[in-house]
Each structure stands twice: as structure tokens, then as C-alpha cells.
């Protein structure tokens with residue numbers, strides 16, 4: 001785990017924090033918005049106020065965690081002022097003992113703290129009871145006084161806090177604490193040293209330490225206390241993770257299905273067009289062979305037809321009547337219209353029936369006018385209709 005940021009709440013919208021990842025970092029004070037700006041994707045540890053947590057050491061000779069979780073609510077009832085369902089607790093086994101260290105907090109306060117930080121866009125990773133972040137060893141009592149508030153710890157899992165004067169009275173009235181503790185450690189600001197003279201009067205074996213900010217002391221203790229993380233169970237933070245690839249599978253499957261259907265549709269359309277093209281090509285080849293029986297090999301139907309028409313024109317071999325004459329006279333006009341294409345051609349009863357396709361309908365009218373101007377031709381437009389490649393027009397042409 002990377003070095004976290006320690007947070008100590010001072011009020012509804014203000015707090016102190018210490019960035020343990022920054023070498024030589026000092027304690028900062030500000031509002032939650034300022035903290036949110038530097039806390040993105042960082043582990044944040046909240047110090048749970050000492051006066052809002054009940055720390056207990058309970059004798060419970062059970063081994064399995066499931067059994068402990070079932071029995072613990074009944075044991076805690078005698079310590080709690082309200083129904084046990086209104087509290088949240090965590091526990092751990094004490095080293096080398098059958099006792100359990102238990103930390104109990106109200107569920108309403110848990111929800112309020114979590115909501116306060118979530119509204120500001122801050123996700124707390126851990127919440128640790130403040131007394132358990134005081135340095136402690138066996139037969140030692142630790143006490144911290146800061147700004148009129150006190151925090152104390154007198155066992156592995158026992159401690160408390162509140163107003164400094166209240167803590168003083170409480171410590172003096174805990175005979176088992178003063179009798180078993182062989183040494184007192186007191187941390188306070190220099191200006192509060194005189195207020196702690198009673199410690200020396202009551203207990204000669206004590207050590208007094210100067211400390212400006214509690215977070216500087218807690219920085220070296222949070223790892224030893226993280227097993228008592230209050231933000232666990234129902235209050236555990238949501239894990240930060242990148243979206244799994246599997247989350248996109250439904251959308252990917254739908255997209256793949258749509259793409260497959262589109263490809264199948266395009267393939268089916270291409271097959272239909274290919275079949276139509278083959279039928280049209282076979283019809284054109286049959287007409288070409290009927291018109292030019294001397295040509296046995298077809299390579300490029302359009303080029304060969306153009307060549308035959310050119311030869312007919314050059315050698316003046318065009319008769320004045322019949323199919324070739326009609327084909328020649330109509331072909332001259334059609335060849336001059338690149339936006340027109342011939343789709344069908346038949347010669348029945350001395351009449352030439354053909355269908356042309358134009359991308360511009362005006363080209364059909366222009367072609368009809370040119371045929372009317374040609375000598376000896378009678379042209380009839382039998383119908384037009386839109387087609388897949390443009391406007392289709394059917395003509396019947398014969399000699400007058």
C-alpha cells in the first residue's frame with residue numbers, strides 16, 4: 001500500500017491532513033474542497049474521534065470467526081446504552097490471549113461522516129480510532145493533550161478521549177491504570193506543559209514530550225492500528241477499479257450481430273446484381289452474334305460493337321433499310337450521350353425496341369429530339385420509370 005494521507009476532522013467542513021508520501025511534509029489545514037483537489041486516487045485514513053468510539057477488551061473463548069460474530073452482539077449489550085442494532089463494531093484477537101479488542105461506534109455517526117466526505121468527492125479508505133494511534137507498550141500509559149482535548153491509551157486495545165480536564169479526572173480514578181502502568185508518556189504543546197504538572201505530582205516516573213500537531217505523532221502508528229479499521233463490512237469503501245472488459249461484452253455482441261447482418265445483406269444484394277449482370281451479358285452476346293455472325297470470339301463486347309459500327313461507316317456498307325440501318329442510325333445518337341447507357345435491345349417486325357438508362361432525365365428528352373431530327377426514322381417513347389441506376393426509358397424505332 002502506498003503512503004496515505006492522514007486526515008483529522010476539525011469541523012463539519014474543515015480538517016487537517018498530513019501527506020505521508022511527501023518528504024518533509026507539514027500538517028495542512030483547509031476545507032474539504034481543498035483536500036479533494038489533492039486526494040484523487042490516494043489512500044485516505046480518517047482519525048476517528050476518541051470521544052466517539054468505545055474501546056473494549058472482552059474475554060470470549062471462541063475460536064471461529066463465525067461463532068464470535070454471532071456471540072459478540074449479546075456480549076456488547078451490557079456495555080451499550082441503546083439497542084445493539086444501532087451500533088457498528090470491529091474486532092481483532094489480542095496477541096497471545098483469548099481476549100478480543102473491540103471498537104464500537106454509532107451507525108448514525110458512521111453514515112454522517114461517510115456522507116460528509118462523499119458529498120465533497122472524497123472517498124475514505126480507512127477510519128482508525130484515534131487512541132489506538134498513540135504509541136504504547138506493556139505497562140505504559142500514553143496521553144496526548146492538544147487544544148484543550150485529550151486522548152489516552154492504557155492497554156493494547158483500551159483508551160479514550162474528550163476534554164482534557166475530563167480525561168485528567170478519568171485517569172486519576174482508574175486505579176488499575178495507575179497501579180499497573182510503570183511509566184507515563186505525555187505529549188503536549190509547550191504552552192500546555194504547566195497544566196500537566198499534576199502528572200509529575202501523581203506519578204514521578206513520567207516522560208513529557210513536546211508536540212505541536214498530533215498528526216506528526218500518528219504518522220508512525222497507523223499501520224499497527226489498521227486491523228481496527230472502522231470502515232469495514234457494510235461501510236467498506238467501494239473498490240476503485242477500471243471497467244472490466246466483460247462489461248462491454250453485451251454491447252460488443254450486439255454490434256457484431258448488426259455488422260454480420262449488414263455483411264450478409266450486402267453479400268445477398270451483390271449476388272442478385274451479379275446474376276442480373278450475367279443474364280444481361282448473355283442477352284447482349286446473343287444479340288451481337290446474331291448481328292455479326294462472322295465474329296466467333298467475344299472479348300470486349302462494347303469495343304467490338306464500336307469497331308463493327310466504325311467499319312460499316314468507313315466502308316459505306318450500311319443498307320438503307322433493315323436492322324443494321326436502324327442500329328447504325330440510332331447508335332450514332334446514343335454514342336454521343338455519355339450519360340446514357342443501353343440496357344436492352346431487340347429487333348422485332350422491322351422495329352428496333354431498346355431501353356436506355358439516364359442519370360439525368362433531361363438526357364432522355366435530348367436523345368428523343370435528336371432521333372426525331374434524323375432522316376427516315378420514326379421514334380416512339382413507350383414509357384419511362386425510375387430504376388436502380390437512374391431513369392429508364394423504352395423506345396420503339398422504325399423506318400418511315
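The angle between the Cα long axis of helix 249-291 and the longest principal axis of the Cα atoms of the chain comes to about 10 degrees, rounded to the nearest 10. Between 79, 222, 48, the Gaussian network model of the chain with springs among Cα atoms under 10 angstrom shows the greatest mean-square fluctuation at 79. Approximating the spin labels as points 7 Å out from Cα along Cα→Cβ, the residue 342-to-residue 270 distance works out to 3.0 nm. What do you get for the angle between helix 301-314 and the principal long axis of the chain? Use alpha-carbon atoms, 0 to 90 degrees, nearest ten. The angle comes out at about 30 degrees. Measuring nothing but how far apart in sequence close Cα pairs (under 8 Å, 6+ apart) lie, relative to its length, the chain scores a relative contact order of 10 percent.
Restricting the count to DSSP beta bridges whose residues both fall in the chain, what percent are antiparallel, rounded to a multiple of 5?
75 percent
Look at 27, 119, 53, 357 and count the other Cβ atoms within 10 Å of each Cβ; fewest to most, that gives 119, 27, 357, 53. Extension gain, residue 359 to residue 42: 0.36 nm times the residue separation minus the Cα-Cα distance gives 107.5 nm. If you find the alpha carbon centre of region 32-68 and of region 98-174, how far apart are they in angstrom? A separation of 10 Å, based on Cα centres. Please work out whether region 5-235 counts as rounded, prolate or oblate from its C-alpha gyration tensor, where a ≥ b ≥ c are the square roots of the eigenvalues and a/c under 1.5 means rounded, while otherwise a/b larger than b/c means prolate and anything else oblate? The shape class here is oblate. In the set [x] 31, 26, 20; [y] 52, 24, 18; [z] 105, 23, 17, the label that goes with semi-axes √(5λ) of the Cα gyration tensor in Å computed for this structure is [z].
Largest GNM mean-square fluctuation across 129, 388, 12, computed for the chain with C-alpha springs under 10 Å, falls on 388. Annotation: the residues 249, 371, sorted from fewest to most other C-beta atoms within 10 Å of their own C-beta, follow the order 249, 371. With R₀ set to 45 Å, the beta-carbon distance separating residue 382 from residue 262 gives a calculated FRET efficiency near 0.70. For the chain, the longest principal axis of the Cα atoms and the long axis of helix 65-76 meet at an angle of about 50 degrees.
Mean-square fluctuations from a GNM of the chain, with a 10 angstrom spring cutoff on Cα atoms, peak among 375, 33, 51 at 375. Across region 5-235, Cα pairs under 8 Å and at least six residues apart give a relative contact order of 20 percent.
Footprinting exposure proxy ranking of 397, 5, fewest other C-beta atoms within 10 angstrom first, gives 397, 5. For region 318-399, the relative contact order comes to 29 percent (Cα pairs under 8 Å, sequence separation of at least 6).
Every number here is computed from the coordinates shown, using simple stated rules; none is lab data. As the structure is a prediction and not an experimental result, all values here were calculated from the model. Cβ atoms come from the backbone with ideal geometry, glycine included; neighbour counts cover every protein chain shown.
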